[in-house]
1. Identify the single condition in (1) of a type in the set (S, T, N, Q); (2) open to solvent by 70 Å² or more (accessible area, probe 1.4 Å); (3) at pLDDT below 90; (4) touching a helix residue (DSSP H, G or I) at 6+ places or on another chain (Cβ under 8 Å) that residue 7 does not satisfy, given that it satisfies every other one.
2. For region 63-72, which residues satisfy the criterion of being open to solvent by less than 40 Å² (accessible area, probe 1.4 Å), modelled with pLDDT under 90 and either over 17 Å from residue 11 (Cβ atoms) or part of a helix (DSSP H, G or I) (or both)?
3. Which pairs do you get when a residue that is among the small types (Gly, Ala, Ser) and at pLDDT 75 or above, found in region 92-108, comes within reach of a residue that is open to solvent by less than 100 Å² (accessible area, probe 1.4 Å) and part of a helix (DSSP H, G or I), reach meaning Cβ atoms under 6 angstrom, with the pair 6+ apart or on two chains?
4. Give region 12-28 a look and list any residue that's more than 12 Å from residue 71 (Cα to Cα) and assigned to a loop (DSSP other than H, G, I, E, B), or say none.
5. Considering only region 73-90, state which residues are open to solvent by less than 40 Å² (accessible area, probe 1.4 Å) and in contact (Cβ under 8 Å) with a residue 24 or more places away in the chain.
6. Just one of the numbered conditions (1) within 24 Å of residue 99 (Cα to Cα); (2) open to solvent by less than 50 Å² (accessible area, probe 1.4 Å) is not true of residue 36; which one?
7. Determine, yes or no, whether residue 56 is among the hydroxyl-bearing types (Ser, Thr, Tyr) and open to solvent by less than 70 Å² (accessible area, probe 1.4 Å).
Amino acid sequence: MLVADASVIAPMLADGGRDGDLCRAATRGQTLVAPDLLRVEVLSVIRRHAASGALTKRQADNAIDDLLALPKFQDYYETLGVAKTASAEDIKLAFRKLARLYHPDVAK
């Protein structure tokens, strides 16, 4: 399971080099936990970089293709098992429960 937001996904998709290839390969077959609007946010970043000349049209097109090829994102709230209206305390408790469950020193 990978937890990500646009600040992680956008550079990964825009990097046409070896690092980008490695990152994209690492996401294949993984469950991505991300905000509901992640695809919209990443697309906005890609469009902004293309408009400024930081990405060529080809790089932007490839990044968009890679974005669309990513697996379905799982919502943070769904992963934690809480409602979107949950209190901060409920979210914190659910996070700590999952952290203990997956912590390599605790979950044996």
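The values are calculated or read from the model by the stated rules, or taken from the named source; none is laboratory data. Predicted, not measured: the structure shown is a model, and the values here were computed from it. Cβ: placed from backbone, ideal geometry, glycine included. Neighbour counts: every protein chain shown. Just so you know, the surface numbers come from the protein's heavy atoms only, side chains and all, with ligands and any DNA or RNA stripped out. Shrake-Rupley method; radii C 1.70, N 1.55, O 1.52, S 1.80 Å.
1. Failing condition for residue 7: (4).
2. 67
3. Here the result reads 94/80, each pair linking region 92-108 to a residue that is open to solvent by less than 100 Å² (accessible area, probe 1.4 Å) and part of a helix (DSSP H, G or I).
4. Result: 15, 16, 17.
5. 73, 75, 79
6. Condition not satisfied by residue 36: (2).
7. No.
The rows are residues; the columns are (1) in a helix (DSSP H, G or I); (2) among the charged types (D, E, K, R).
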residue: 7; (1), (2): yes, no
residue: 10; (1), (2): yes, no
residue: 30; (1), (2): no, no
residue: 44; (1), (2): yes, no
residue: 51; (1), (2): yes, no
residue: 61; (1), (2): yes, yes
residue: 84; (1), (2): no, yes
residue: 89; (1), (2): yes, yes
residue: 93; (1), (2): yes, no
